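Engineer: Starting off with a structure, shown below.
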Amino acid sequence: ILNQQLTYSNARGKRFAGIVLARSIDFTPHPLNVAWMMLNCRNSEERAVAMAMIIMAANAAGIYGAQIFRADDAPRYHRGFAVNCGLLGGALAFAIFQFAREHLARKKGETELGDDSSELEEKD
């Protein structure tokens, strides 16, 4: 939303700030997804499949991205940014739900990490 307001401005500095802001935040989700996956996968096979799914989802973004940002909506892409705000809101709600679910599972001691650590202790 802030980026939309910055790009509507006629001031050159504000438009440049909008572009810098948009591009600086753009790359962070992928490394965060990979780090989360590395912490939550139990073994190398599960990690390999999860990594393939993350890469597949990232590549699929190019397919639906062309449908969201259509040429008939150029140059401001009102519809495209509205769809993105809706998707971001849904993803945020899902992330909060997932965080709460994992927090409750850790409180109860039902996490996979706890199961793996007990297996390692038994082998020693």
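The values are calculated or read from the model by the stated rules, or taken from the named source; none is laboratory data. Being a predicted model, the structure only gives us computed values, none of them experimental. All Cβ positions, even for glycine, are placed from backbone atoms using ideal geometry, and neighbour counts span all protein chains on display. Heads up: the accessible areas ignore ligands, DNA and RNA and are worked out on the full protein's heavy atoms, side chains in. Shrake-Rupley method; radii C 1.70, N 1.55, O 1.52, S 1.80 Å.
Let's see how each residue does on (1) open to solvent by 80 Å² or more (accessible area, probe 1.4 Å); (2) among the small types (Gly, Ala, Ser); (3) not in a helix (DSSP H, G or I):
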residue	(1), (2), (3)
Ile19	yes, no, no
Ser24	no, yes, no
Pro31	no, no, no
Ile54	no, no, no
Asn59	yes, no, no
Ile63	yes, no, no
Ala66	no, yes, no
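Engineer: Taking only segment 68-100 into account, find how many residues are open to solvent by 60 Å² or more (accessible area, probe 1.4 Å) and not in a helix (DSSP H, G or I).
Structural biologist: 5
Engineer: Can you pull out the residues in segment 106-117 that are out of contact with any helix residue (DSSP H, G or I) (no Cβ under 9 Å at 6 or more places or on another chain) and either surrounded by fewer than 10 Cβ atoms within 10 Å (Cβ to Cβ) or modelled with pLDDT of 85 or more (or both)?
Structural biologist: Residues satisfying the conditions are Lys107, Lys108, Gly109.
Engineer: Would you check if there is a residue in segment 9-16 being in contact with a helix residue (DSSP H, G or I) (Cβ under 8 Å, 6 or more places away or on another chain), in a helix (DSSP H, G or I), open to solvent by 60 Å² or more (accessible area, probe 1.4 Å) and farther than 24 Å from His103 by Cβ?
Structural biologist: So far as segment 9-16 goes, yes, one or more of its residues are in contact with a helix residue (DSSP H, G or I) (Cβ under 8 Å, 6 or more places away or on another chain), in a helix (DSSP H, G or I), open to solvent by 60 Å² or more (accessible area, probe 1.4 Å) and farther than 24 Å from His103 by Cβ.
Engineer: Between a residue in segment 45-68 that is over 14 Å from Pro31 (Cα atoms) and any residue that is open to solvent by 80 Å² or more (accessible area, probe 1.4 Å) and not aliphatic (A, V, I, L, M), which pairs come within a Cβ distance under 9 Å, given they are 6 or more apart or on different chains?
Structural biologist: From segment 45-68, the pairs are Ile68/Arg79.
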